[in-house]
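**Student:** This structure is in structure tokens; I'll ask about it shortly.
The values are calculated or read from the model by the stated rules, or taken from the named source; none is laboratory data. Keep in mind the model is a prediction, meaning the values are calculated, not measured. No Cβ is skipped: glycine too gets one built from the backbone with ideal geometry, and neighbour counts run over all protein chains shown. For the accessible areas, the whole protein counts, side chains as well, though only heavy atoms, and no ligand, DNA or RNA atoms are used. Shrake-Rupley method; radii C 1.70, N 1.55, O 1.52, S 1.80 Å.
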Amino acid sequence: MGVKAPPRFDRGEKPSDPTKGRLVPRHVAVVMDGNGRWAQARGKARIQGHRRGVETARRLTSLCGRAGVEYLTLFAFSSENWKRPPEEVRFLTRLLISSLENEISRLQENQIRLNIIGDFRPFGNKAEELITRAREQTFSNTAMTLTIALNYGGRWDLTEAVRELATACEERRMTASDIDESTLSQTLSTGNLPDPDLFIRTGGEIRLSNFLLWQLAYTELFFTDSLWPDFGEKHFEQALDAYKRRQRRYGQTGDQVTT
Ligand code: IPE
Ligand code: IPE
Ligand code: MG
């Protein structure tokens, strides 16, 4: 992509894990897909689907809060979505700006901290200013962390992290032997988040589309045909139920895993 990563948000320690024995996922990551098809099926322009998609994102945020999910990460715009028609990209940029303007007070009310991953600079100065302000204003909120992936790609994330580590080696701030899974993981844009426990993709496609490639290594995957604007409480409960029934083994045998 040839652009340098923006300064990373909060390089603090990852919260200490254990997800073991938890029936509710601590971190849910979502590919919000199917807005265009939802609109087209109703004879509307694709952008109407994106508009409805924002409402679904708001609804899911509140459902997650109620369910006790601590981290929600939403894929809103991929590094490949620039290939879409310019009018759609322009609309999505405007929708991003208006959503940031409208949602900030709701985030504050609900004590939600806003985090952004991805290189959001190409969305322009206005978006950049709003993002900076929203992140600052919500920084001390502790009820939940809502991460929005904007101009994000898993390969971009890994490439940026590798470059950052290589630079640190060149500048002799570290040596190659210091690099392990933990340093790489913490250098990613998600360095301050635990790995997702549950991944949800709406819209019927069974693929990751370059979302959190490293972070999803041991995440439980849930795919639904439901289009994003239709995704509601019932679908979310289905995903949570499916998650509860999974046995996370991390390479062990079923007998070794007791919870
Ligand atoms: C997801 O819905 C939103 C974005 C990628 C911005 P789509 O716009 O991909 O909807 P479909 O997949 O074309 O229906
Ligand atoms: C993935 O959806 C990206 C987002 C939801 C932001 P896409 O619609 O871009 O994925 P593909 O092109 O079908 O793989
Ligand atoms: Mg799509």
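**Student:** So, of the residues in the stretch 16-74 that are modelled with pLDDT under 95 and in contact with a Pro (Cβ under 9 Å, 6 or more places away or on another chain), which turns out to be nearest to ligand 3 (Cβ to nearest atom)?
**Tutor:** Within the stretch 16-74, the match that is nearest to ligand 3 (Cβ to nearest atom) is T19.
**Student:** Can you name the residue in the stretch 223-243 that is open to solvent by 30 Å² or more (accessible area, probe 1.4 Å) and not in a helix (DSSP H, G or I) and is also farthest from W38 (Cα to Cα) among such residues?
**Tutor:** F223
**Student:** Still on this structure: If you check I206, I117, which single one turns out to be within 30 Å of R51 (Cβ to Cβ), at pLDDT 95 or above and surrounded by fewer than 18 Cβ atoms within 10 Å (Cβ to Cβ)?
**Tutor:** Checking each option against the conditions leaves just I206.
**Student:** When you look at T147, is it closer than 23 Å to P25 by Cα, of a type in the set (S, T, N, Q) and open to solvent by 80 Å² or more (accessible area, probe 1.4 Å), yes or no?
**Tutor:** no
**Student:** Give the stretch 41-93 a look and list any residue that's within 13 Å of ligand 2 (Cβ to nearest atom), more than 15 Å from A149 (Cα to Cα) and surrounded by 13 or more Cβ atoms within 10 Å (Cβ to Cβ), or say none.
**Tutor:** The answer is R46, G49, H50, T56, R84, E88, V89.
**Student:** Quick check on this structure: which one of T190, T202 is of a type in the set (S, T, Y), away from ligand 1 (no atom under 13 Å from the Cβ) and within 30 Å of D225 (Cβ to Cβ)?
**Tutor:** T190 is the lone residue from the list that is of a type in the set (S, T, Y), away from ligand 1 (no atom under 13 Å from the Cβ) and within 30 Å of D225 (Cβ to Cβ).
**Student:** Considering only the stretch 178-187, I want to know if a residue exists there that is among the hydrophobic types (A, V, I, L, M, F, W, C) and more than 16 Å from ligand 1 (Cβ to nearest atom).
**Tutor:** Scanning the stretch 178-187 turns up at least one residue that is among the hydrophobic types (A, V, I, L, M, F, W, C) and more than 16 Å from ligand 1 (Cβ to nearest atom).
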